[in-house]
């Protein structure tokens, strides 16, 4: 007797599942209108904290600023901090949104039932990244405009080169998000992991200061983090007129990191997913 | 015929409910030990970029430019103190606003609301664990922060604690109103995150508020927390104050009464609205 399965999964059904996840995530995203506030407010207030601290450190007579210029060789700090914090915000949002996507389902009690459906399981993770990517592009656009008009940042570089850097950075940023989401399904302590990863980026990648300030061992660590190259490349592409030659090495490193993190993300997802099913922990929280 | 209510709430039953709430949150918090440990280091990670940035503005470890605004060249002690006080402010924001959102998401909000417990007690219960944890983590933070970045406090600790009491009670009043807004909008993350961050910036946790551009200074001066932070720092590390210390204390006491009154009234009114709309069980 020929056995007939209840469903016959194929490319088309996988794509339908992916599309359903994308639609669901987008509906949830726009359901809470506070995202509009976040879109306009975060790009201003997050760098503002650091910019105002730098202003206070500069002093009334600018004596601190002179020291800063002598130490770092930079003439102004506003654009420098704005770009650094923007990249940090990107990685932070991906960690919370993509990294938390499966954990959120676990908390709501829908992960186990979704897992029982004959769908491509990676679609749950990939599907939640797509609306997130769209919202990130909106955030970057708004940030650029706000930095130019409110903070008077002079974007003397190339828009197309900046876009190229951002596109090249996507696999590293989201690959790390996938890996992170996979760890979180079994480890469950998502907050601690977000704090750890974003903390590493915050300290080692020079979001508010040149890496030359760091001790040698910290500079050595920073070379292994893709965000170091993203921050340097976006600063060079958007704020200077160095052109492609100024970001060529960063782009090469980002491509390598992208392949690495996507592969790690996918492998970890499969491994953790199998482990969570074996231990029966997928429905727990 | 005499009717007998299903429950007869008394002070003792309220205290039992409060204890149950605190126990539940406490158990839940320590159930995830990594999260708990990371909360000690999290604020230190936030200030690490400021430390390195400050190094770039300093000569021989002294931030001369910074002292022109604050009255001290020891910017790391200034920032560490600001971060500790900010943690308490965040404990109220997250403890009340976010805890209600958690209850909504887990589907227990409506059933909790049906119990014969004063609703403000539920909010207080949710914030107590956060405050206790914050007190413990703050001590850890000062010890580790002191070792890593250096912390030198030569002032009177007891005198420094005095402005904290009215500041925290006033914050509770604010927290009541804030929790009611979360209940109405059914969204907490952005609200809690943005509001606590703005308060952090404008109350001067990372820099003296007189370094703000002139048009932003009134916002800082309108926040009572600014005076709380200012008074604690002046007492502990001898910074310049915005107003004479006794005036700052009086302002904080007035703030405490006003905020407790406004917060309670706002909570009662918005909570009634949410019940009328029937959205209590939704998220």
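Only the coordinates and a few stated rules stand behind these numbers; no lab work does. Note that the structure is predicted; figures quoted are calculated from it, not measured. Reconstructed Cβ throughout: ideal geometry from the backbone, glycine too, with neighbour counts over all protein chains shown.
How far is helix A:11-31 tilted, in degrees, relative to the longest principal axis of the Cα atoms in chain A, given as a value from 0 to 90 rounded to the nearest 10?
50 degrees
Hey, could you pull the Cα Rg and Dmax for chain B, both in Å?
For chain B, the Cα radius of gyration and maximum Cα-Cα distance read 20.7, 85 Å.
If one takes the longest principal axis of the Cα atoms in chain A, at what angle in degrees, from 0 to 90 and to the nearest 10, does the Cα axis of helix A:63-72 lie?
The answer is roughly 60 degrees.
Using a 7 Å offset from Cα along Cα-Cβ at residue B:108, what residues in segment B:123-137 end up with backbone N under 12 Å from the label point?
From segment B:123-137, the list is B:126.
What's the FRET efficiency of residue A:141 with residue A:66 using the Cβ-Cβ distance as r and R₀ = 22 Å, to the nearest 0.05?
On the way: r = 35 Å, r/R0 = 1.60.
According to the calculation, E is roughly 0.05.
Against the empirical 2.2 N^0.38 Å scaling, what ratio does the C-alpha Rg of segment A:135-285 come to? Please report the intermediate quantities before stating the final value.
Working: Rg = 17.8 Å, N = 151, 2.2 N^0.38 = 14.8 Å.
Ratio of Cα Rg to 2.2 N^0.38 Å: 1.20.
Taking the Cβ of each residue in A:161, B:184, A:196, B:15 as the centre, tally the other Cβ atoms inside 10 Å and list the residues starting with the fewest.
Numbers: A:161 20, B:184 14, A:196 17, B:15 11.
Sorted ascending by nearby Cβ count, the order is B:15, B:184, A:196, A:161.
Ignoring solvent entirely, what values of log10 I(q)/I(0) come out of the Debye formula for segment B:54-202 at 0.15 Å⁻¹ when each Cα is a single scatterer?
Here log10 of I(q) over I(0) equals -0.86.
Does segment A:133-222 come out rounded, prolate or oblate by the C-alpha gyration tensor, with a ≥ b ≥ c the root eigenvalues, rounded set by a/c under 1.5 and, if not, prolate when a/b is larger than b/c and oblate if not? Let's see the in-between values first.
Working: a/c = 2.08, a/b = 1.33, b/c = 1.57.
It comes out oblate by the Cα gyration axes.
Output needed for chain A: three equivalent-ellipsoid semi-axes, defined as square roots of 5 times the C-alpha gyration tensor eigenvalues, in descending order, whole Å. List each step's numbers first, then the result.
Numbers: eigenvalues 310, 72, 66 Å².
Taking √(5λ) for each eigenvalue gives 39, 19, 18 Å, largest first.
What ranking do A:61, A:14 get, fewest neighbouring Cβ atoms within 10 angstrom at the top? It would help to have the intermediate numbers written out before the result.
On the way: A:61 11, A:14 14.
Sorted ascending by nearby Cβ count, the order is A:61, A:14.
Hey, what angle do you get for helix A:226-239 against the long axis of chain A, alpha-carbon based, 0 to 90 degrees rounded to 10?
50 degrees
Given points 7 Å out from each Cα along the Cα-Cβ axis, report the residue A:252 to residue A:187 separation in nanometres with one decimal.
According to this spin-label approximation, the distance is 3.3 nm.
Expected output is a single nm value to one decimal: the length gained when fully extending between residue A:75 and residue A:11, i.e. 0.36 nm times separation in residues minus the C-alpha distance. What is it? Mind showing how you got there, number by number?
Values: separation 64, 0.36 × 64 = 23.04 nm, distance 5.43 nm.
Extra length from residue A:75 to residue A:11 when fully extended: 17.6 nm.
Rule-of-thumb check for segment B:177-228: C-alpha Rg over 2.2 N^0.38 Å? Don't jump to the answer; show the numbers that get you there.
Numbers: Rg = 12.9 Å, N = 52, 2.2 N^0.38 = 9.9 Å.
Dividing the Cα Rg of segment B:177-228 by 2.2 N^0.38 Å gives 1.31.
I'd like the FRET efficiency for residue A:108 and residue A:267, computed as 1/(1 + (r/R0)^6) with the beta carbon distance as r and R0 of 22 Å, rounded to 0.05.
Values: r = 27 Å, r/R0 = 1.21.
The value I calculate is 0.25.
Expected output is a single nm value to one decimal: the length gained when fully extending between residue B:23 and residue B:253, i.e. 0.36 nm times separation in residues minus the C-alpha distance. What is it?
Numbers: separation 230, 0.36 × 230 = 82.80 nm, distance 3.10 nm.
Full extension of this stretch gives 79.7 nm more.
Roughly how large, in nm² to one decimal, is the mean projection of the convex hull of the alpha-carbon atoms in segment A:109-153?
Values: hull surface 17.5 nm².
The orientation-averaged projected area of the Cα hull of segment A:109-153 comes to 4.4 nm².
Would you mind listing how long segment A:122-180 runs along its three principal axes, going by Cα atoms, in whole Å with the largest first?
42, 19, 17
Before rounding to the nearest 500, sum -39500 (n - 2.57) across all DSSP H runs of length at least 4 in chain B and divide by the residue total; then give [θ] at 222 nm in deg cm²/dmol.
Working: 13 runs with 208 residues, N = 283.
-24500 deg cm²/dmol, from helical runs alone.
Mind pulling the per residue volume of the convex hull built on the Cα atoms of segment A:1-110? Å³ is fine.
Numbers: hull volume 20.0 nm³, N = 110.
Considering the Cα atoms of segment A:1-110, their hull volume per residue is 182 Å³.
Based on the Cβ-Cβ distance of residue B:265 and residue A:260, what FRET efficiency does E = 1/(1 + (r/R0)^6) give at R0 = 56 Å, to the nearest 0.05? Provide the component values of the computation, followed by the final result.
On the way: r = 57 Å, r/R0 = 1.01.
The computed FRET efficiency comes out at 0.50.
Assuming a ≥ b ≥ c are the square roots of the Cα gyration tensor eigenvalues, decide whether the protein assembly as shown counts as rounded (a/c under 1.5), prolate (otherwise, with a/b larger than b/c) or oblate. Intermediate values should be presented prior to the final figure.
Numbers: a/c = 1.91, a/b = 1.03, b/c = 1.85.
Taking the square roots of the gyration eigenvalues as a ≥ b ≥ c, the protein assembly as shown is oblate.
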